[in-house]
1. Looking at (1) over 29 Å from B:A198 (Cα atoms); (2) outside any helix (DSSP H, G or I), can you tell me which one B:M252 breaks?
2. Which ones in the stretch B:216-227 are open to solvent by 60 Å² or more (accessible area, probe 1.4 Å) and either part of a loop (DSSP other than H, G, I, E, B) or in contact (Cβ under 8 Å) with a residue 60 or more places away in the chain (or both)?
3. Has the stretch A:317-332 got at least one residue that is part of a helix (DSSP H, G or I), more than 29 Å from B:L219 (Cα to Cα) and at pLDDT below 95?
4. Would you pick out the residues in the stretch B:193-227 that are touching a Ser or Thr at 6+ places or on another chain (Cβ under 9 Å), more than 26 Å from A:A306 (Cα to Cα) and at the interface with chain A (Cβ under 10 Å from one of its Cβ atoms)?
5. If I filter the stretch A:22-45 down to residues being assigned to a strand (DSSP E or B) and farther than 18 Å from A:V113 by Cα, which single residue comes out as most open to solvent (accessible area, probe 1.4 Å)?
6. Please identify the pairs in which a residue from the stretch A:228-257 that is away from chain B (no Cβ under 14 Å) and closer than 19 Å to B:F178 by Cα has its Cβ atom under 8 Å from the Cβ atom of a residue that is open to solvent by less than 30 Å² (accessible area, probe 1.4 Å) and among the basic types (K, R), counting only partners at least 6 apart or on another chain.
7. Quick check on the stretch A:265-288: of everything there that is aliphatic (A, V, I, L, M) and either assigned to a loop (DSSP other than H, G, I, E, B) or touching a Cys at 6+ places or on another chain (Cβ under 8 Å) (or both), which residue is farthest from the other protein chains (Cβ to nearest Cβ)?
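The values are calculated or read from the model by the stated rules, or taken from the named source; none is laboratory data. Nothing here was measured: the structure is a model prediction, and the numbers come from that model. Note: ideal-geometry Cβ built from the backbone for every residue, glycine included; neighbour counts use all protein chains shown. What goes into the accessible areas is simple: the full protein's heavy atoms, side chains included, and nothing from ligands, DNA or RNA. Shrake-Rupley method; radii C 1.70, N 1.55, O 1.52, S 1.80 Å.
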2 protein chains.
Amino acid sequence: MYPNNFYSPEVQGPYEMIGIGRLELEHGGVIENCELAVATRGELNQAKDNAILIPTWFSGTHQAWIDSYIGAGHALDPDKYFIVIVNQIGNGLSTSPHNTDDESIAMSKFPFVTIGDDVVAQERLLREHFGITELFAVVGGSMGAQQTYEWAVRFNEKVKRAAPIAGTAQNTPHDYLFTQVLLDAITSDPGFNGGEYASHEDVAEGLKRHARVWAIMGLSTEWWKQECWRGLDLESRDQALTHFLEPTFGAMDPNALLVMGRKWQHGDVARFGGDDLATALGRITAKVFVMPISEDMFFPVRDCAAEADLIPGAELRVIDDIAGHFGLFSFEPSYMEQVDRHLGELFAS
Amino acid sequence: MYPNNFYSPEVQGPYEMIGIGRLELEHGGVIENCELAVATRGELNQAKDNAILIPTWFSGTHQAWIDSYIGAGHALDPDKYFIVIVNQIGNGLSTSPHNTDDESIAMSKFPFVTIGDDVVAQERLLREHFGITELFAVVGGSMGAQQTYEWAVRFNEKVKRAAPIAGTAQNTPHDYLFTQVLLDAITSDPGFNGGEYASHEDVAEGLKRHARVWAIMGLSTEWWKQECWRGLDLESRDQALTHFLEPTFGAMDPNALLVMGRKWQHGDVARFGGDDLATALGRITAKVFVMPISEDMFFPVRDCAAEADLIPGAELRVIDDIAGHFGLFSFEPSYMEQVDRHLGELFAS
């Protein structure tokens, strides 16, 4: 346990820590007192049928959704829906290696958590804490899309609509290797010390290399070529690293990134279909809009389209965005316009 | 200086070391006794107008060309052409950090070499050693394409035909960052010791990480998804790393990779056009076939096509190949069939 100010309400905006009790994990191990960091917008209606769940992406928190996706005028409109954003386990806000006071799972001892563990935890939170047993929709980007798929397959009776953005139901081989490169960048730093560092600043070099890998995969070749960093008030390619990507990832907790990265590597709903992806995706009863981003370097449209083909009644809605995967941050105004249009149609269906 | 068996005729096939004397470098520094490792096929005709130059790519040697591209039945036919493959400076065979007996440039003291330095050295080699002042063609892949462009712009009077495969005339911002990730993987290994290691084996971990970065950028998402490693007699995704990519790059010299990587980062013919790429490419008088590979992750077709548009009379000939950049290794039979067809047309023009 060590203090990391990045994971605080001052930086991330307000959230509530909600205990869901003992969580036994899919691959063994247990979190005795699992707490989820939750932010909500809007009101749950009497029928309790207007809830939208948003799980978070790798390295992200509820904040990105509050900042860009939710509000009057957006499809995710708090006047209509009760929107529940749940930070994924190990993301630095929910129970995580650096913030738990349970010594048995602190730092390097944190157990292997899966996408399935998160979804089980979220289902319990919604049911026991909010009394929600049916979701109007699940919406998530990247690792949030993995959780969205897990929800739609695992709890298929409970999910009416699903919008996985820039992510897949079954992690691809390339994605596995890409994530490994991200993790290698961190664990290879001698300061990482097998996960037993005194502060994330001991791992500054590894976090910097991690950020640089994101630079070439999170953003597209064309984003760099067209110098789209100018739109972020940055003055050069190098400043896009030193003033944006490196400090952003440099503030994070290395063990948190590892927990999330390993979770990402193993995301796969096929286990609900006897290891057959088509069988698993065939279980889905929700109306699904599959929403890849056109310039995504590691969740290419064709990978998402192939999964859409296996989901009964799913529609492929490609978001055209030059940033690639980091389009999720809504750099371009046209990004959110497209997301709102697609989600609006999905919610009206 | 240390012995590295990877850079030997036993591993790379025979080559000749040809001294070209003192080479003053574009950005300062000098190689007093620059030696180029050269392999040739075919005979120079009386008119000395049938010479084809092939410069090498990052981490590569003449061997890949001998193995896959040259021979009876190929466009690069030694019965018709005098084919000269010149290993780039610093590639481990030509004068390089680990093999030079000039202590002033050994290991970490090796100077910054540019694509221009290579091309100047090659021009001198061809003229002084072989008496060649005109090239029937220059053909190169990746960093070899950079050298091909440098030839066609810098020595525009001397080059009749040019085939840059899977590379650009002006390095892109994304490519610069990608190369930096490759270099970071090596230099971050404590065993690298600022370039003063006793053996490449001291840098085994860094070289392994370097190989893993290549895994996600040198090969396409689709190559991994379709498990094309089966075509290389490998049994799993992990074996593609442990039995192929990691040992391949693990045998190389870290400083050699750094010299080549930095050279790659700064490839840019625009300096022959007052920093204007269009002006520089407008100088080209050779007939040019611009040949990107369809699935290339970091030299995408559009980047190459944009340059083709600036070259008088150039034709864009896209090579359709699932491997992406490493398609250059001719994994798929259809790759070489396409290369031969395009080069055959170029040579007939």
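1. (1)
2. Within the stretch B:216-227, B:Q226, B:E227 qualify.
3. Going through the stretch A:317-332, the residues part of a helix (DSSP H, G or I) turn out to be A:324-329.
After this cut, where a residue has to be more than 29 Å from B:L219 (Cα to Cα) as well, the list is none.
No.
4. Result: B:E205, B:G206, B:R209.
5. Across the stretch A:22-45, the extreme among qualifying residues is A:R41.
6. Nothing qualifies.
7. So the residue we want is A:A286.
To keep it simple, each residue is scored yes or no on (1) in contact with a Lys or Arg (Cβ under 7 Å, 6 or more places away or on another chain); (2) farther than 21 Å from A:H342 by Cα.
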site	(1), (2)
A:E32	yes, yes
A:I52	no, no
A:A64	no, no
A:N99	no, yes
